[in-house]
Amino acid sequence: MLTKILLTVLVIAGAWFLLLKRTRIVQPQAINFTDKPLHNWLLHRYILTGVFVVLGLGLLSYSVWYWRDQHQVVTVRIVSPNADNNGEYRVRKGDISDSKMVTLDGIHIRFSTQERLAIIETD
């Protein structure tokens, strides 16, 4: 969810920046450097570039962390109150949902509402 929000903010900021550049009407005129100091324009440009680079790096690092977390292999123990045959399976974290999971072997397992899951993280 955070990735979607950050990506949306990045797209909106990029579009806003492009629209600001596009709406300026360039007319040939003499440039007076004393009215607008060049260092303010360069400082503004570098700050904006730095903000986009930091935002991009933050988005990239969060995406890599989320991908690694979802591909982490865990052991899942299904505890059923009605039966004594409790199963233990190795599953990726991202493959566990509310009512089913997919094991590393490709087996699709559906849960009943009475079963409990015990997730054991393995390193």
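Bear in mind these aren't lab numbers, they're just calculated from the coordinates by the rules spelled out. Just so it is clear, the structure is predicted and the values come from calculations on it, not from any experiment. Cβ sites come from the backbone with ideal geometry, for glycine too, and all protein chains shown count toward neighbours.
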**Prompt:** Which whole-number percent is the relative contact order of the range 73-121 (Cα, under 8 Å, 6+ apart)?
**Reply:** 44 percent
**Complete:** Hull surface over four for the Cα convex hull of the range 73-121, reported in nm², is 3.1 nm²
**Message:** Tell me the angle of helix 38-70 to the major Cα principal axis of the chain, expressed in degrees between 0 and 90 and rounded to the nearest ten.
**Reply:** 10 degrees
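Relative contact order of the chain, please, whole-number percent, based on alpha carbon pairs below 8 angstrom and at least 6 residues apart.
The normalised contact order for the chain reaches 20 percent.
Using unit Cβ charges (K, R positive; D, E negative) and no other charged atoms, how large, in debye to the nearest 20, is the dipole of the range 73-121 about its Cα centre? Intermediate values should be presented prior to the final figure.
On the way: 7 positive and 7 negative charges, 22 e Å.
Around 100 debye, computed over the range 73-121.
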**Message:** Which one, Leu60, Leu19, Leu48, has the greatest fluctuation when you compute a Gaussian network model over the chain with C-alpha springs under 10 angstrom?
**Reply:** Leu19
**Prompt:** What list of ³J(HN,Hα) values in whole Hz, one per residue of the range 88-96 in order, does the Karplus curve 6.51 cos²θ - 1.76 cosθ + 1.60 (θ = phi - 60°) give from phi, with Gly and Pro shown as x?
**Reply:** 10, 9, 9, 9, 7, 4, x, 8, 9
**Prompt:** Considering the chain as a Gaussian network with a 10 Å cut-off on Cα pairs, which listed residue, Gly94, Gly50, Gly58, attains the greatest mean-square fluctuation?
**Reply:** Gly50
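Would you count, across the chain, every pair of lysines whose alpha carbons are under 30 angstrom apart, provided the pair is eight or more residues apart or spans two chains? Kindly include the intermediate steps, with their values, before the conclusion.
Working: Lys4/Lys21; Lys4/Lys93; Lys4/Lys100; Lys21/Lys36.
Counting lysine pairs in the chain gives 4.
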**Prompt:** Mind checking which of Leu104, Leu18, Leu55 has the largest fluctuation in a GNM of the chain, springs on alpha carbons under 10 Å?
**Reply:** Leu18
